[in-house]
1. Could you figure out which of (1) under 26 Å from Val135 (Cβ atoms); (2) in contact with a Leu (Cβ under 8 Å, 6 or more places away or on another chain) isn't true of Tyr55?
2. For region 100-126: of the residues being outside any helix (DSSP H, G or I) and charged (D, E, K, R), which is surrounded by the fewest Cβ atoms within 10 Å (Cβ to Cβ)?
3. Which ones in region 132-163 are in contact with a helix residue (DSSP H, G or I) (Cβ under 8 Å, 6 or more places away or on another chain) and at pLDDT below 95?
4. Is it the case that some residue within region 75-82 is over 11 Å from the mean Cα position of the chain (by Cα) and within 24 Å of His22 (Cβ to Cβ)?
5. Among Val97, Val159, Val154, which is the only one that is part of a helix (DSSP H, G or I), among the β-branched types (Val, Ile, Thr), in contact with a Pro (Cβ under 6 Å, 6 or more places away or on another chain) and more than 14 Å from Ile20 (Cβ to Cβ)?
6. Scan region 69-86 and give yes if some residue there is among the β-branched types (Val, Ile, Thr), touching a His at 6+ places or on another chain (Cβ under 8 Å), outside any loop (DSSP other than H, G, I, E, B) and in contact (Cβ under 8 Å) with a residue 60 or more places away in the chain, otherwise no.
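The values are calculated or read from the model by the stated rules, or taken from the named source; none is laboratory data. Values in this document were obtained by computation on a predicted structure and should not be read as measured data. Positions of Cβ are backbone-derived with ideal geometry, glycine not excepted, and every protein chain shown enters the neighbour counts.
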Amino acid sequence: MVEPWLRGTLTEVDAVRRQILHALYLAGEDADRWCEGLSDGEINARPFGIAPVAYHLRHIARSLDRLLMYTEGRQLSEAQLSELRSELEPGAVASEVLAEFRAGLKAAAERVRAISPATYEEPRGVGRAMLPSTVGGLLVHCAEHTQRHCGQAVTTAKVVAGMRGPNDAVAIQ
């Protein structure tokens, strides 16, 4: 299958936002392909002590929300900070994690589309320390960060699926 960035789509938006959107769409397709169908136990599995698939999918959705808040010149809410602290919590329900992930990608895509290319060089502060970035820098980080964690989720999903026993159960470590 041809990846989103090679399909000639989204020509109505500038090249920078187009590539950000394509990265989000690719993450969605990869998660659908490799993470859909994981059981609750599998999505929470931590083979060899690595972070579970649930963490990566939650982290993608919630990080996009946080990064886009900074892009929009806003600071994080207490609810967002609380969600940040809960990303690694065990006991996730696979269908709920995937729904949150998909909703997060959709909301992020809408917010990315709303950003004007004229603002790419505008400075933005990140975090409580207000570390320096720009609108464009934050947008690019949305794409690279999403792809990094999607790759980790896919790799973990493949490992977990490979650990299935004769009854399709995963030996959770």
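1. Result: Tyr55 passes all but (1).
2. Step one: of region 100-126, the residues outside any helix (DSSP H, G or I) are 114-116, 120-126.
Still in the list and also charged (D, E, K, R): 121-122, 124.
On the way: Glu121: 10, Glu122: 13, Arg124: 21.
Among those residues, the one meeting the criterion is Glu121.
3. Ala161, Met163
4. no
5. On the way: Val97 fails: in contact with a Pro (Cβ under 6 Å, 6 or more places away or on another chain); Val154 fails: in contact with a Pro (Cβ under 6 Å, 6 or more places away or on another chain).
From the options Val97, Val159, Val154, the qualifying one is Val159.
6. In the first step, residues of region 69-86 are kept if they are among the β-branched types (Val, Ile, Thr); the result is 71.
In the following step, the residues that additionally are touching a His at 6+ places or on another chain (Cβ under 8 Å) were identified as none.
There is no residue in region 69-86 that is among the β-branched types (Val, Ile, Thr), touching a His at 6+ places or on another chain (Cβ under 8 Å), outside any loop (DSSP other than H, G, I, E, B) and in contact (Cβ under 8 Å) with a residue 60 or more places away in the chain.
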